[in-house]
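Here's the structure we're looking at; comments come further down.
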Amino acid sequence: MSVGGRLDLKHGRVDMTHGGGGRAMARLIDGVFRDAFANPRLAAGNDAAAFDWPGGRTVMTTDSYVVSPLAFPGGDIGALAVNGTVNDLATAGAVPVYLSAGFVLEEGLPLAALCGYVHSMARAAEAAGVEIVTGDTKVVERGKADGLYINTAGIGRVPDGVGPSCDRARPGDKLLVSGPLGDHGVAILSARADLALDAGIVSDTAALNGLVAEMVAAAPDVRVLRDLTRGGLAAACNELAQASGVGMTLDQAALPVRREVAAACEVLGLDPVHVANEGRLLAIAAPGDADALLAAMRAHPLGREAALVGEVTDDDRRLVEMRTAFGGRRLVDWLNGEQLPRIC
Amino acid sequence: MKWTQEFRDGSLAQGLAEALAAEADPDRRYAFMEFCGGHTHALYEHGLLDLLPGNLRMVHGPGCPVCVLPIGRLEQAIDLAKRPGVTLCAYGDVLRVPASKGRSLQSARAEGAEVRMITSALEAVALARQQPEREVVLFAIGFETTTPPTALAVEQAAGEGLANFSVLCNHVLTPAAMRRILAGTEGAGTREVAIDGLVGPGHVSTVIGTQPYETFARDFGCPVAVAGFEPLDLLQAILMLLRQVNAGRAAVELQYGRAVRPEGNRTALDLMARVFALRDRFEWRGLGEVPQSALTLAEAYAGFDAERRFDLPEAQVQDNPACICGDVLRGAADPPDCKLFASACTPDRPLGSCMVSPEGACAAHYAYRRFDARREAAAP
Amino acid sequence: MCLAVPGLIVAKSGDTGTVSFDGVRQDCSLALVPEAEAGDYVIVHVGFALSRLDPDEAERTLALLREAAGETGAGARP
């Protein structure tokens, strides 16, 4: 269905009429969203998407994306919005199927930029094998939305026999990560003009459902899967230690960190265990499953640098410790507040 | 990273730990103070305390400029930031520090104050250049490492005639604080700390050289080893102090020779002498009045002094009476000795200066070692 | 005290230069180390180079470290 008229996608900007529910809004939805997300459910033009569902254990998740800047080396808000929600479903053990996408546009956002992010979402959705079947658009006044906010919700189905959950870690279990830590966080920091840092690092944003499918095929009873996001490995480990009522010990020498990420962290006074990722996961597996899981991860393009990084311990204080490269001990604590570059 | 990785070799670290164990005299105890907060942080971050012999204890010093910044001086910065037309530029470390009533620069920003985080003093000058209609104030904190950058910023602003730029100066001096640690205050009445040696601050020393520490060796009989910040630097410096103590010597030794020249950085020192003057008096949080310990802008640059340009309240804000940060900063107590540690006082809700900065002894102990409820060095 | 990191000057222009920290580049002020040139390593703090790193001294320190850690050919510790 087309409403005619033309959007100036090259030089135009979002204005308040695009959220008004009238012709301008219809043109925007048609010209920008429906065009990019081309699929029959969206094309049907209903407010809600209708589909048949096979039943069984189902997972649903939602996330909002407020990243600034909107584009950074290796990705943009669109890619994050799809990959992040796909990853939440995948680490719940689900095969992701459908996504919704809600947009809050700031008056003045260039339409060319918006199209860029939307096409980025379309590409990410295709790569992940999911469809964006329903959406919503609102426009707010200049100054109220940092350019663009996106919310995505997702739904997926969990195969039988699979059931990772944050409370299933047990003493003796092994900790594995799928690849180098901190890439996304450093890419974002490099894009901040005030830090003037040229790190040559790109965000690791990626959909991990393909990797997870290989992992659960090799070890269906994997205890916990968690994607690493804000707060990095430290946040994920501390959350899981709390939820499962256990302690953990990490082996610093085993943590994979790219040379440039380590250097950028040195310069800014940051600890790589606190820096965000957007395409890495932590897996916790029974000792007997660890080798098979590691092999499966390394066989997949997104897990080539997977590593065994620690184990779960019996500790009712629920502390996450680390053996340093010097044989000493220290805690890996939650990050306190926002991660600000240190001078001292 | 070149010139960093080599000084993080795990097997060399083990070798140094063994040397320390072999050379530590089992019939005595050693207490060395690492003055600098950056050294405190490195000791904890790399787990180096576990590599030291049981009878060798590291005493954490006051070399953390955020920790020793009096609350009243922070209040001045917050006050300025809230004034219309003022942009306050500050380093990240100081944004979250709570002043009175839970206010901070960060909370002021959330309420609409113009607070800008900078990673270089020259960013503040650039801002003044770009926004001539605003008053841009650089909230300058730090020891002698951070002072030359402020001086450069002032000279640049002066050279460009940026009348809307000023500096709220809170720079403090290392040797004065060390003297206070070793000499104490007259009639202090509180327990003074016996320190057998000082690990000197490596990056401060790139600026001031090693000569300022001679008095501590000569007049106080306290050996000094000026150390770099990598694990092997610290272990080597501690071994140097151990050897001096065992030999009954007291001298200033330079471990960080690759970065520190004994004469310091002449360019930086001349610059500091031009731009700054010594304050009559300055109170340090936790230590009280320390003579000859802080800087203000020199007369020639008085026009850039925020304290003279703006009418700022002089507030004396007291710390929580149960807080023993003063003792911790002087090395007379360890973080777990404090009743408030890890209960009422945490990095999220810091009550005292030692918890407000990641370099502070309490913050470091909380973040990295709070499983150690007892003192690091085992009892006899 | 204070966070300062060694980096390589890859380009110098007047008082400023581009410093590379293992491939991560940042523009820094070189005003405090007028004698430093491209190809030198410097210690950088809050965007300012504070001192030149002396590679000979660095090697000397490493040699002393190895000796103290018992890695000399002689094997015997003092």
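Observations, loosely collected:
- Loop-located GluC sites (Glu not before Pro) in the range B:189-286 (DSSP state other than H, G, I, E, B) with a sparse environment of at most 16 neighbouring Cβ atoms within 10 Å: B:Glu192, B:Glu263.
- Anisotropy class of the range A:174-331 from Cα gyration tensor, a/c 1.5 cut: oblate
- Global geometry of the range A:68-196, whether rounded, prolate or oblate, following the gyration tensor of its Cα atoms and the 1.5 cut on a/c: oblate
- Of the GluC sites (Glu not before Pro) in the range B:298-380, the ones in a loop by DSSP (not H, G, I, E or B) with at most 15 other beta carbons within 10 Å are B:Glu314.
- Paramagnetic reach from A:Glu126 (point 7 Å along Cα→Cβ, amide N under 13 Å) across the range A:86-119: A:119
- Helical content alone sets the calculated 222 nm signal of chain B at -10000 deg cm²/dmol, taking -39,500 (n - 2.57) per DSSP H segment of four or more residues and averaging over every residue.
- Averaging the sequence gap over all C-alpha pairs within less than 8 Å and six or more residues apart, then dividing by the number of residues, gives chain A a relative contact order of 21 percent.
- Amide H contacts under 5 Å for B:His171, placed H, 5+ residues apart: B:Leu295
- Listed values for the range B:79-91 are Karplus-derived 3J(HN,Hα) couplings in whole Hz (6.51 cos²θ - 1.76 cosθ + 1.60, θ = phi - 60°), namely 4, 4, 4, 7, 6, x, x, 9, 10, 9, 9, 9, 6, and x replaces Gly and Pro.
- Tilt relative to chain B, helix B:121-130 - C-alpha long axis, 0 to 90 degrees, to 10: 10 degrees
- Within the range A:245-309, the GluC sites (Glu not before Pro) that combine a DSSP coil assignment with at most 15 other C-beta atoms in a 10 angstrom radius are A:Glu305.
- Antiparallel beta bridges, as assigned by DSSP with both residues in chain A, represent about 75 percent of the total such bridges.
- Inter-chain Cβ neighbour average for residues B:361-370, partner chain, 10 Å: 3
- Take the Cβ atoms of A:Arg329 and B:Asp319, set R0 to 41 Å, and the FRET efficiency comes out at 0.85.
- Straight Cα distances below 26 angstrom link C:Lys12 to the lysines B:Lys2, with same-chain residues fewer than 8 positions distant left out.
- Inter-probe distance in nm under a simple model that places probes 7 Å from Cα toward Cβ, at A:Thr313 and B:Gln211: 5.0 nm
- Sequence-distant lysines (8 or more away, or on other chains) whose Cα lies within less than 27 Å of A:Lys144: A:Lys10, B:Lys82
- Rounded Å value of the spacing that divides the Cα centres of the range B:9-42 and the range A:74-123: 52 Å
- Mean ellipticity per residue at 222 nm, deg cm²/dmol - from DSSP H runs of n ≥ 4 across chain A, formula -39500 (n - 2.57): -8000 deg cm²/dmol
- When both the range C:1-62 and the range B:103-121 are represented by their alpha-carbon centers, they are found 30 Å apart.
- Cα shape, the range B:325-369, gyration tensor, a/c 1.5 rule: rounded
- If you plug the beta carbon distance of B:Asp348 and B:Ala183 into 1/(1 + (r/R0)^6) with R0 = 35 Å, you get a FRET efficiency near 0.45.
- Projected label points at B:Glu23 and B:Gln130, each 7 Å from Cα along the beta carbon direction, are separated by 5.2 nanometres.
- Applying 1/(1 + (r/R0)^6) with r as the Cβ-Cβ distance of A:Met60 and C:Ala11 and R0 = 60 angstrom yields a FRET efficiency of 0.70.
Computed from the coordinates by the stated procedures, all read-outs in this text should not be read as laboratory data. A quick note: this is a predicted structure, and the numbers were derived from the prediction, not measured. Please note: Cβ atoms are built from the backbone with ideal geometry, for glycine as well, and neighbour counts cover all protein chains shown.
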